[in-house]
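Take a look at the structure set out below.
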Amino acid sequence: MYRHQSRFVLRFGVRGQFTELIDKLNAAETARGWASPRVWQTMNGPVNEVVIEHDYESLAAFQRERTAFHDDRGEVGGMLALLSDLAVPGTAFQSDLDEHELSAAEA
């Protein structure tokens, strides 16, 4: 499995806007047949931090979806721009995780 994570801190007072946008983003990504996001609110660490994760079957699947996005940002790109406006500047970062598959002896 391949996982893409985005983390950022929401500005105070924008949680309602965030929830509305993330629901719309989920609908738009699902309509395109893309990976659905999983959204986490941190319980410790930075106040108002959220984590958005997308899981893919492989790096190649992630790259196909990214290529499709860059070829046609459309509605999804607009929503991502609006989401970025809700973040505290300088708090956003992203990471990609490629799962290490354990052998039977390791498991």
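The values are calculated or read from the model by the stated rules, or taken from the named source; none is laboratory data. Model, not experiment: these values are computed from the prediction. Using ideal geometry, Cβ is built from the backbone for each residue, glycine included, and neighbour counts are taken over all protein chains shown. Remember, those area values only see protein heavy atoms, side chains included, never the ligands or the DNA or RNA. Shrake-Rupley method; radii C 1.70, N 1.55, O 1.52, S 1.80 Å.
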In sequence order, calculated HN-Hα J values of the range 87-103 (Karplus, 6.51, -1.76, 1.60; Hz; x Gly/Pro) | 8, 5, x, x, 9, 8, 8, 9, 9, 10, 10, 10, 5, 8, 7, 7, 7
Enter the accessible area of D85 (Å², nearest 10), with the probe set to 1.4 Å and all protein chains included.
-> 100 Å²
The Cα extents of the chain along the principal axes, largest first and rounded to whole Å, are 50, 36, 21
A correct Karplus calculation of ³J(HN,Hα) over the range 78-83, with 6.51 cos²θ - 1.76 cosθ + 1.60, θ = phi - 60°, whole Hz and x for Gly and Pro, returns x, 5, 5, 5, 5, 4
Kirkwood hydrodynamic radius for the range 1-63: how many Å is it when counted over pairs of different Cα atoms?
-> 12.8 Å
With a 1.4 Å probe and all protein chains in place, put M43, M79, M1 in order of accessible area, largest first.
-> M43, M1, M79
What accessible surface, in Å², does a 1.4 Å probe find on S103, ignoring ligands, DNA and RNA and rounding to the nearest 10?
-> 60 Å²
Amide H to amide H, which residues 5 or more places from V88 or on other chains are under 5 Å from it, using H placed in the peptide plane?
-> V9, L10, R11
Could you look at the chain and say what percent of its accessible area is carbon and sulfur, using a 1.4 Å probe and all protein chains?
-> 54 percent
Against the longest principal axis of the chain, how steep is helix 15-31, in degrees 0 to 90 to the nearest 10, with axes from Cα atoms?
-> 40 degrees
With every protein chain kept in place and a 1.4 Å probe, the residues L59, L10, L102 fall, from largest accessible area down, as L102, L59, L10
The chain - accessible surface per residue (Å², probe 1.4 Å) | 64 Å²
Given DSSP loops and a limit of at most 11 other Cβ atoms within 10 Å, what is the longest stretch of the chain that contains no such GluC sites (Glu not before Pro)?
-> 1-56
